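Here's the structure we're looking at; comments come further down.
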């Protein structure tokens, strides 16, 4: 038995997070225990004066703790209903002299943990371990009565600790964690950042290590902090003095920046606000009767949290509906263009067909051609549109309001926008400035449109919006132009009619937009570059399916994402917020349209942090 000179030392000897379930374990009797501990403290003072009543009160409090724990059925709850050994040991401990009580209780707890582990469950889950350590803490507090008053107050504060679980540690998850740590008040706070891969602050966008994969936004607009727009610029210029406000920095550097910003926020947070990073994947979320949520991980671990923020980022796009099952399941079809080792797995003489012509398709095409300049790469999409080159907009105009009236239809909005572009061109400017100035109004315009106007926009204008909004860095644009001019990269606009597997090649039949005769495109590899899964209803992740099935989340009518309220709280099937559940990421497009870029996501992260801490 390890002896502690005081309860304060005992508290410091264990991870304070282990006591977070203390109140829930002994509720509703925790306050009674606390009052008894106060009595023990008073008795200890009397004992120091030679009053025998002190020792009597000490023994009384230990019996009180054991009685309450037994009444609450703590031991069977911790070690399994089939095991009554813990409860019997607890009752036996009451009859033993006070000085030996803590040692017996500790032995019983450890024995119960061993029984649970060797019974085939592998390991005690996190809540069970917390309950056991909470009981041990009470025993130690009762045995070391000096300073029990302070220890009791401390234990009650820890028992009320707010735990916020963030599922996903890409940009959105890290941005939320930073804002929670920066906004921590006086109450204890524990932020749990859960990530599948264990690698923080990377995600799909920033996990690449290729120096040729650049951000498509200049450094001055990439700060993770909404109140310090030059935060990233300062970091990047510290790493490379050549970086300026208009530089396009490597995405791998930005991933390093996010990790650095998180560590900075952690180091500057109050002592009672902690950050823990956990590896794992949530398979199931369940609401608790007392409020909060319990997350079950794929390995059986359970985490209880006051709030959960879903920040799981992008899911791979589903395969084309026309693709045959055998083709989709073969190595010839690549669902995730960012999977590790993909470029090296494709031979120099293998023809490659890219589904999509957006930013992802450009990245993959150029990455393949850098390895094998003679490789044949073909890209196909409905309109065959490529991202436009970047041009720095006028800063003064970008901060202004472009459209000054409500525009009830997509047609009216398009007409007004083009009129503004004509005016700007007369002043020597252009559409880059107009689009930058429109950014602050985009969400409002989108939210005021009825569903039929949103559908009209998606059907007719979305492809043109995408290629003008998401632009290419100048160096990438030059490389793309060279690939197109040499014929190494070819682009076809048309509708896919069929995809089939023939001998050693896949055959994609396309109906071009420009003429009526269909064409066959043959390729050794087909890479899906159409983007991420737009609708939660089409996602295959177990957690998303469970939330939809249980009515804790609902997808929007247009198949763009999830329904949330103004605080990004997830709306359930009943149209009301699911208590304690928030979402941040690309599926916010359903309500805001602009929901994938840093300026919007850092705003959403701040909104969620404020709602969680309120």
query: Would a scan of region 584-594 turn up a residue that is without any contact (Cβ under 8 Å) to a residue 12 or more places away in the chain and closer than 21 Å to residue 257 by Cβ?
result: no
- request: Test each condition in (1) within 19 Å of residue 168 (Cβ to Cβ); (2) surrounded by 13 or more Cβ atoms within 10 Å (Cβ to Cβ) for residue 382 and report the one that comes out false.
  value: (1)
- prompt: In region 346-397, what count of residues is obtained for those that are farther than 17 Å from residue 529 by Cβ and part of a loop (DSSP other than H, G, I, E, B)?
  reply: 12
statement: Quick count over region 251-290, residues being touching a residue at least 60 places away in the same chain (Cβ under 8 Å), within 30 Å of residue 552 (Cα to Cα) and assigned to a loop (DSSP other than H, G, I, E, B), is 3
Long-range neighbours under 7 Å by Cβ, at least six apart or interchain, first residue closer than 15 Å to residue 364 by Cα within region 459-488, second surrounded by fewer than 13 Cβ atoms within 10 Å (Cβ to Cβ): 488/373
message: I'd like to verify a number: residues in region 291-330 that are without any contact (Cβ under 8 Å) to a residue 12 or more places away in the chain and within 24 Å of residue 361 (Cβ to Cβ), how many?
response: 3
query: From 560, 548, which residue is part of a loop (DSSP other than H, G, I, E, B) and within 18 Å of residue 590 (Cβ to Cβ)?
result: 560
task: Select from region 524-538 the residues that are over 15 Å from residue 381 (Cβ atoms) and not in a loop (DSSP other than H, G, I, E, B) and list them in ascending order.
output: 525, 532, 536, 537, 538
- request: Could you figure out which of (1) under 27 Å from residue 174 (Cβ atoms); (2) crowded, with 20+ Cβ neighbours inside 10 Å; (3) touching a helix residue (DSSP H, G or I) at 6+ places or on another chain (Cβ under 8 Å); (4) outside the structural domain of residue 185 (by TED's automatic domain parsing) isn't true of residue 360?
  value: (3)
Any hit, region 172-182, residues being assigned to a loop (DSSP other than H, G, I, E, B) and either buried (at least 24 other Cβ atoms within 10 Å of the Cβ) or modelled with pLDDT of 65 or more (or both): no
Test set (1) exposed (fewer than 15 other Cβ atoms within 10 Å of the Cβ); (2) on the phi > 0 side of the Ramachandran plot - residue 531 fails condition number: (1)
message: If I ask for residues that are surrounded by fewer than 19 Cβ atoms within 10 Å (Cβ to Cβ), within 24 Å of the chain's Cα centre (by Cα) and more than 17 Å from residue 225 (Cβ to Cβ), which ones from region 236-263 would you list?
response: 252
- prompt: Applying the selection to region 571-580, what residues are surrounded by fewer than 23 Cβ atoms within 10 Å (Cβ to Cβ) and either touching a strand residue (DSSP E or B) at 6+ places or on another chain (Cβ under 6 Å) or in a strand (DSSP E or B) (or both)?
  reply: 571, 572, 577, 579, 580
query: For region 302-313, how many residues are outside any strand (DSSP E or B) and within 10 Å of the chain's Cα centre (by Cα)?
result: 3
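The values are calculated or read from the model by the stated rules, or taken from the named source; none is laboratory data. It should be emphasised that the depicted structure is a prediction, and the values quoted were computed from it without experimental measurement. Heads up, the Cβs are rebuilt from the backbone with ideal geometry, glycines too, and the neighbour counts pull from every protein chain shown.
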